[in-house]
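What follows is one structure encoded as structure tokens, with my remarks underneath.
Coordinate-derived values only; no laboratory data. No experiment lies behind these values; they were computed from the predicted model shown. Cβ placement follows ideal geometry from the backbone for every residue including glycine, while neighbour counts extend to all protein chains displayed.
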Amino acid sequence: MIASKKALTPEAVADHYDELDHFYREIWGEHVHHGLWKRGDEPSETAAKQLVEFVAERAQVGRDTRVCDIGCGYGATARMLARDFGADVTAITISPAQFRFSQSTTNGEHVRTVLGDWLRNDFPDENFDTAIAIESSEHMPDKAAFFAQAHRVLRRRGRLVVCAWLARTHASVAEKRFLLEPICREGRMPGMGTELDYKRLCEQAGFVCESFEDVTQQVKKTWPICAGRFAIELLRKPRYAKFLFNRHARNRIFALTMFRIWLAYNIGSMRYGILTARKI
């Protein structure tokens, strides 16, 4: 497990997303996660939805499936699962800005958004048929507790699908020092695990790991697109430059982190994995 040198609290994670709120939505949109390119030439919006469809298939989401969306961002995935699959979704985020946006854009009784910390949630035991976590487990300081909570709230034989940023197994000292640890610290991730870490923690929590799929090559296009859009907005909108050069801006370093992530994917220091598990 690659650990951030700086202790990161849940409040720091919320602050990251709150301060960068408008930048995230302007640069990438309401789906605050990677895209999944099947052909390679799809628009980024299509690729983002294709990742949700991939997760929904692995999670076996269908009509009236009770879904928990862990770390739901702006609620776009929850809305898509309710609208396109007929699911009943409860979504949780730690960011007040994301919570407000999700509340303002969610209509209907099949999506409920909760503001809170997943590791301290008060959802009832055995309440959901399936749980998904798209790029949220990285922000959890205690990943064993992340899996334990998922196991607690899922019904017997319930399914868990986790999309995670992962470190290369046996990463070099240079990779850890110049890429992986800074990415954790700057991206407000207390730790970044490997495939083996996630499988071990999943099984220790009482799940059976059904599959692990490495889709790095299909998702890494996300980062040159984000970096390119950021560069364009930096030239077009003065407030981007103002934020970047504001020494009081707490998360301005993430502009550099985008390029670190892009490089880490290209040289294999980072991977993107999708873990599918079932509660025994």
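Using the Karplus relation 6.51 cos²θ - 1.76 cosθ + 1.60 with θ = phi - 60°, the per-residue 3J(HN,Hα) values for the stretch 199-206 come to 4, 5, 5, 4, 5, 5, 7, x Hz, with x marking Gly and Pro. Converting phi to 3J(HN,Hα) with the Karplus coefficients 6.51, -1.76 and 1.60 and the offset θ = phi - 60°, the stretch 121-126 yields 6, 10, 5, x, 5, 6 Hz in sequence order, with x at every glycine or proline. Distance from the Cα centre of the stretch 39-79 to that of the stretch 131-170, in angstrom? Using only Cα atoms to place each centre, the spacing works out to 16 Å.
Estimated at 0.36 nm per residue, the fully extended path between Arg157 and Thr9 surpasses their Cα-Cα distance by 50.0 nm. With θ taken as phi - 60° and the Karplus curve 6.51 cos²θ - 1.76 cosθ + 1.60 applied, the whole-hertz 3J(HN,Hα) list for the stretch 220-237 is 5, 4, 3, 6, x, 5, 4, 4, x, 5, 5, 4, 5, 5, 4, 7, 8, 10 Hz, x standing for glycine and proline. Each residue, Ala249 and Arg100, gets one label point 7 Å from its Cα in the Cβ direction; the gap between the two is 1.9 nm.
Here the sum of -39500 (n - 2.57) over DSSP H runs of 4 or more residues, divided by the residues of the chain, equals -12500 deg cm²/dmol at 222 nm, to the nearest 500.
For Gly191, nonlocal amide neighbours, meaning residues 5 or more places apart or on other chains whose placed amide H falls under 5 Å from its own, are Ser4. Take every pair of alpha-carbon atoms less than 8 Å apart whose residues are at least six positions apart; their mean separation over the length of the chain yields a relative contact order of 24 percent.
Our estimate of slack between Arg83 and Leu256, defined as 0.36 nm per intervening residue step minus the Cα-Cα distance, is 58.7 nm.
Taking amide H atoms as placed 1.01 Å from N in the peptide plane, list the residues 5 or more away in sequence, or in a different chain, whose amide H sits under 5 Å from that of Ala131. Under 5 Å from the amide H of Ala131 lie the amide H atoms of Cys68, Arg159, Leu160, Val161, each far enough along the sequence or on another chain. Each eigenvalue of the Cα gyration tensor of the chain, multiplied by 5 and square-rooted, gives one semi-axis; in descending order these are 28, 22, 18 Å.
Taking Cβ atoms as reference points and 11 Å as the exclusive limit, the residues near Val208 contribute a net charge of +3, counting Lys and Arg as +1 and Asp and Glu as -1.
Among Gly35, Ala145, Ile253, which residue has its Cα furthest toward the positive end of the charge dipole of the chain, with +1 on Lys/Arg Cβ and -1 on Asp/Glu Cβ? Among Gly35, Ala145, Ile253, the one farthest towards the positive end of the dipole of the chain is Ile253. Once you've got the Cα coordinates, tell me which of Lys6/Lys143; Lys6/Lys176; Lys143/Lys199 are over 23 Å apart. The answer is none of them. In this structure, the amide hydrogen of Val114, modeled 1.01 Å from its nitrogen in the peptide plane, lies closer than 5 angstrom to those of Ala91, Ile92, Thr93, counting only residues at least 5 positions away or on a different chain.
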